[in-house]
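Read the structure below first, then the notes.
Each reported figure results from applying straightforward, stated rules to the coordinates on display, with no laboratory input. All of these numbers come straight from a predicted model, not from anything done at the bench. Cβ placement follows ideal geometry from the backbone for every residue including glycine, while neighbour counts extend to all protein chains displayed.
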């Protein structure tokens with residue numbers, strides 16, 4: 001019988017980065033996935049079920065395809081990656097037997113040659129063995145130009161993938177890429193024997209009925225209602241300790257909270273409990289409700305290809321007219337932290353010295369006056385035949401965001417700007433409308449980092465706009481040559497202090513360019529039933545359901 005108890009070992013990213021500066025490369029060392037007493041539990045038969053409530057519906061089940069944060073909740077339970085990152089920022093082995101480093105010979109001194117050793121006791125949910133062939137297939141599929149890949153950053157630098165044995169694979173990096181370990185922590189492996197045999201991986205049945213190696217197996221999906229998973233009792237790692245894991249879709253945020261209150265929902269995943277319910281929720285009997293530092297930034301995102309937003313003065317004026325403190329205090333009940341950047345406040349790379357936005361309507365009007373935006377007979381400004389009018393979109397049923405929109409609509413009218421509200425169901429809002437930049441402006445909470453690494457190529461590189469034929473999540477269609485240079489430099493730099501200088505300058509330029517208007521850094525209201533054990537919030541991932549394998553009900 002396989003020992004499911006992980007040993008206690010791991011190296012934090014901060015410690016690792018200090019070593020990188022000295023050695024020229026990452027030196028993450030850890031012999032097993034998610035070590036530490038916090039996760040150690042005895043083997044026992046799975047029992048019971050957990051219902052996770054979500055305000056947005058998971059719809060993309062191939063983890064390599066274009067998707068959003070909400071889909072990750074399912075991915076983390078059905079699939080495994082070579083590595084994962086834990087709540088303390090420790091990169092741990094998952095499908096790999098160890099995290100490669102200079103010390104253990106897994107990565108060469110120059111950072112270009114990699115050797116990854118794999119576990120030998122992993123099986124796909126259909127019983128087939130997981131091998132290095134699956135890793136090779138996954139990494140090659142991601143960069144296949146015919147495949148609708150989520151992101152290719154880092155993976156596009158991989159060359160000479162060689163299967164040495166069923167449990168060992170090597171490759172060469174075309175150039176140094178400091179974030180690659182972190183990227184691999186969010187790159188879930190897919191089965192070659194299934195997707196490789198499909199006529200078209202983009203439309204394969206696998207995409208709606210996935211087979212992974214994770215702690216839970218696919219059972220059923222009821223569109224518009226729920227996704228049902230069942231325990232994988234042959235899982236190689238810790239757990240699972242529950243029989244069923246249900247992701248229940250409840251689009252109305254108030255109804256989601258009501259179902260948590262009544263006990264129909266055991267845990268609230270994205271978009272959490274809304275702050276207006278926090279005071280009541282924390283007093284509920286048999287519920288554990290906590291404030292947790294999130295990694296997402298709530299903001300207003302511009303489609304910079306719209307003519308009215310090509311003028312930086314417009315973006316600056318709209319920012320000056322945004323009373324963010326009133327939004328946080330009056331609408332979000334003080335839950336949220338003012339910020340001027342995309343970088344989470346807890347990040348080592350966060351720059352606290354960026355220029356502070358000042359709410360000032362007179363200043364906003366003067367900026368527009370000086371830039372030549374003149375009010376028309378209807379009071380709405382125009383310049384060169386372009387009216388200063390746009391739509392703002394977000395998820396229907398998110399009542400707090402709807403209140404922010406109503407405030408913005410009113411306050412922008414006072415400076416001669418017309419904003420209409422055009423909200424959509426989640427599946428539509430976060431589909432092509434968002435990913436292919438079909439919006440004017442959008443209100444969203446975005447996690448810019450990948451497994452806590454500061455590289456934001458996926459969000460800000462000019463080559464990362466899907467609407468312009470790129471692969472990535474630059475939905476703003478932002479382009480700045482200096483930012484492109486810095487991002488390239490940052491990806492090839494391993495020293496912590498050197499990287500901090502690079503990403504500080506990136507933050508300064510983004511703050512000046514304002515491709516999006518940051519409203520606040522998230523503090524999430526996390527709620528679960530008090531009898532649910534094994535849960536630990538992870539600010540380094542995009543979903544609280546990142547490790548449902550450890551969950552169990554108190555006897």
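Worth pointing out:
- Rounded to the nearest 10 degrees, the inclination of helix 361-370 to the longest alpha-carbon principal axis of the chain is 80 degrees.
- Mean separation of Cα pairs under 8 Å and 6 or more residues apart, divided by the residue count, gives region 294-523 a relative contact order of 33 percent.
- Theoretical FRET efficiency, 1/(1+(r/R0)^6), r = Cβ-Cβ of residue 233 and residue 389, R0 51 Å, to 0.05: 0.30
- Spacing of the two label points (7 Å from each Cα toward its C-beta) at residue 420 and residue 326, in nm: 2.5
- Residues 408, 189 arranged by fewest to most Cβ contacts within 10 Å: 408, 189
- Protection proxy ranking, peptides 117-125, 51-59, average beta carbon neighbours within 10 Å, highest first: 51-59, 117-125
- Potential lengthening between residue 284 and residue 200 on full extension [0.36 nm per residue; Cα-Cα distance subtracted]: 25.3 nm
- The Cα center of region 506-526 and the Cα center of region 52-108 differ in position by 25 Å.
- When you count the other C-beta atoms within 10 angstrom of each residue and take the mean per peptide, 324-336, 79-91 line up highest first as 79-91, 324-336.
- Crossing angle, helix 69-78 versus the chain [Cα axis fit, 0-90 degrees, rounded to tens]: 10
- Modelled this way, with points 7 Å down the Cα-to-C-beta line, the labels at residue 497 and residue 164 are 3.5 nm from one another.
- CD proxy at 222 nm, helix term only [per DSSP H run n ≥ 4: -39500 (n - 2.57); per residue of the chain; nearest 500]: -6500 deg cm²/dmol
- Kirkwood Rh, Cα atoms: Rg over Rh of the chain: 0.96
- The C-alpha atoms of the chain define a longest principal axis, and helix 132-142 lies at about 20 degrees to it.
- Coordinate range along principal axes, alpha carbons of region 294-523, Å, largest first: 57, 40, 36
- Working note: Cα atoms of region 405-462, range along each principal axis, descending, whole Å: 40, 26, 20.
- Taking 7 Å steps out from each Cα toward its Cβ at residue 407 and residue 65 produces label points 3.8 nm apart.
- Centroid-to-centroid separation of region 157-206 and region 278-332 [C-alpha atoms, Å]: 36
- The chain: antiparallel DSSP beta bridges as a percent of all, rounded to 5: 80
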